[in-house]
1. Of everything in region A:13-43, what is touching a helix residue (DSSP H, G or I) at 6+ places or on another chain (Cβ under 7 Å), surrounded by 13 or more Cβ atoms within 10 Å (Cβ to Cβ) and modelled with pLDDT of 70 or more? Give them in sequence order.
2. If I ask for residues that are within 9 Å of another protein chain (Cβ to nearest Cβ), in a helix (DSSP H, G or I) and hydrophobic (A, V, I, L, M, F, W, C), which ones from region B:1-19 would you list?
3. Kindly indicate which of B:Glu32, B:Glu40 is more than 10 Å from every other protein chain (Cβ to nearest Cβ), of a type outside the set (Phe, Trp, Tyr) and in a helix (DSSP H, G or I).
4. Which members of region B:77-109 meet the condition of being more than 8 Å from chain A (Cβ to nearest Cβ), more than 16 Å from A:Gln20 (Cα to Cα) and at pLDDT below 85?
5. Determine, yes or no, whether B:Ile137 is assigned to a helix (DSSP H, G or I) and at pLDDT 90 or above.
6. Hey, A:Asp75 hits all of (1) closer than 25 Å to A:Tyr178 by Cα; (2) modelled with pLDDT under 65; (3) of a type in the set (D, E, K, R) but one; which does it fall short on?
7. Would you say B:Ile62 is facing another protein chain (nearest Cβ under 9 Å) and not small (Gly, Ala, Ser)?
8. Being in contact with a His (Cβ under 9 Å, 6 or more places away or on another chain) and at pLDDT 80 or above, is that true of even one residue in region B:9-17?
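The values are calculated or read from the model by the stated rules, or taken from the named source; none is laboratory data. It should be emphasised that the depicted structure is a prediction, and the values quoted were computed from it without experimental measurement. Cβ placement follows ideal geometry from the backbone for every residue including glycine, while neighbour counts extend to all protein chains displayed.
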Amino acid sequence: MEKEDKMMNDELMQMKKQIQILHNKLKKQQIVNEKIFRNSVKNSMKIFNDMDKYSLVVAFILLVLCMSVSYFLFDKILYSLIFFLFVICMETFVYFYSRKEFKTNDIMTNDIVELSKKILHMKKIQDKFLAIDIFLAIVFGFWFLYDWVNGLGHFFKVNVYGGVFGLVVGLALWWFGYRRQQKILKNVITQLEQITKGANQI
Amino acid sequence: MKTDKERKFENIVKKHKTTIYTVCYMFSKDNEQVQDLFQEVLIRIWQGIDSFDNKANIKTWIYRISLNTCISLQRKKRKKTLPLDMDINIFEDDDEDSKQIRTLYDRINLLQPFDKAIVLLWLENQSYEDISLIMGISVKNVSVRLLRIKEKLKTISND
């Protein structure tokens with residue numbers, strides 16, 4: 001019995017040594033945690049697409065509002081329609097482009113360098129749209145005021161204050177959304193750069 | 001620029017990768033399955049990192065996640081995952097160390113998953129208290145189970 005116990009203890013000790021051998025081997029192992037980063041990219045792009053979707057809905061609601069207001073103002077705010085139509089077209093383009101180019105499965109399996117290039121391209125498109133947007137928004141701002149002055153007569157003061165307030169809040173929200181999307185894309189690009197450079201080896 | 005979460009995650013994985021790998025190896029049939037389990041454990045750590053209480057014992061938390069993942073996923077159908085780069089293959093390498101590890105693996109794998117987890121923690125020099133915390137059973141239950149496991153291992157070696 002004593003001999004058996006000693007044998008058993010020896011065996012357990014041997015198992016402890018074996019697990020130590022495994023540890024020593026594993027310490028040399030490097031891990032490329034690419035999947036984790038790809039998952040993070042996937043989540044970021046999902047937020048990006050969701051924001052785009054909501055912008056599209058808001059722009060559409062504003063367009064409908066503009067059309068109904070223009071009915072009462074005798075088609076005086078035609079420029080607003082053009083502006084919101086442009087915003088809708090832009091958001092639709094970005095939304096569908098993003099959906100087409102950044103499918104979940106592609107993010108998880110596509111070549112990481114190609115993915116980086118696509119996201120960089122997307123960021124550039126957004127920058128170009130921003131430049132056009134700023135120009136249109138400035139012209140729109142002035143035109144908007146002009147239309148309201150002509151269309152509202154003696155209600156001018158109250159409505160202009162409301163209009164300007166709405167415009168400022170709208171632009172602030174739009175700017176916030178744009179900055180947020182750009183930040184997401186920037187983070188994603190940085191992460192992808194780390195993967196391609198092998199900086200995420202642990 | 002890495003976020004705080006990424007830095008924290010990286011530090012945890014750097015420090016505890018051997019622990020995670022050891023558990024994954026003992027619950028896998030081949031290198032591919034080790035990779036699957038390892039990735040899954042990393043994802044669960046990433047997901048749980050925000051809710052992890054810094055005052056708690058990190059090693060206990062890592063063991064709990066690793067063992068829970070391995071026990072639950074071992075029964076499920078294997079998912080197709082992206083390959084991770086690995087330098088070693090304990091299941092196929094022919095050196096003396098790999099043979100030793102395979103012997104250990106064969107012995108441990110004769111046990112049920114729960115017992116396998118307990119004996120693995122014991123071999124990793126975890127105290128009975130820590131094993132009871134990780135496995136969610138009482139200290140007394142740990143000692144009784146370990147006694148039975150040792151008996152079982154003894155019977156197996158006698159056979």
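1. Within region A:13-43, A:Met15, A:Lys16, A:Gln18, A:Ile19, A:Ile21, A:Leu22, A:His23, A:Lys25, A:Leu26, A:Lys42 meet the criteria.
2. Correct list: B:Phe9, B:Val13.
3. Sole residue among the options that is more than 10 Å from every other protein chain (Cβ to nearest Cβ), of a type outside the set (Phe, Trp, Tyr) and in a helix (DSSP H, G or I): B:Glu32.
4. Once the filter is applied, which keeps residues that are more than 8 Å from chain A (Cβ to nearest Cβ), more than 16 Å from A:Gln20 (Cα to Cα) and at pLDDT below 85, region B:77-109 yields B:Lys77, B:Arg78, B:Lys79, B:Lys80, B:Pro83, B:Asn89, B:Phe91, B:Glu92, B:Asp93, B:Asp94.
5. Considered against the rule, which asks whether it is assigned to a helix (DSSP H, G or I) and at pLDDT 90 or above, B:Ile137 comes out as no.
6. A:Asp75 satisfies all of (1) closer than 25 Å to A:Tyr178 by Cα; (2) modelled with pLDDT under 65; (3) of a type in the set (D, E, K, R) except (1).
7. Judged against the criteria, B:Ile62 is not a match.
8. Scanning region B:9-17 turns up no residue that is in contact with a His (Cβ under 9 Å, 6 or more places away or on another chain) and at pLDDT 80 or above.
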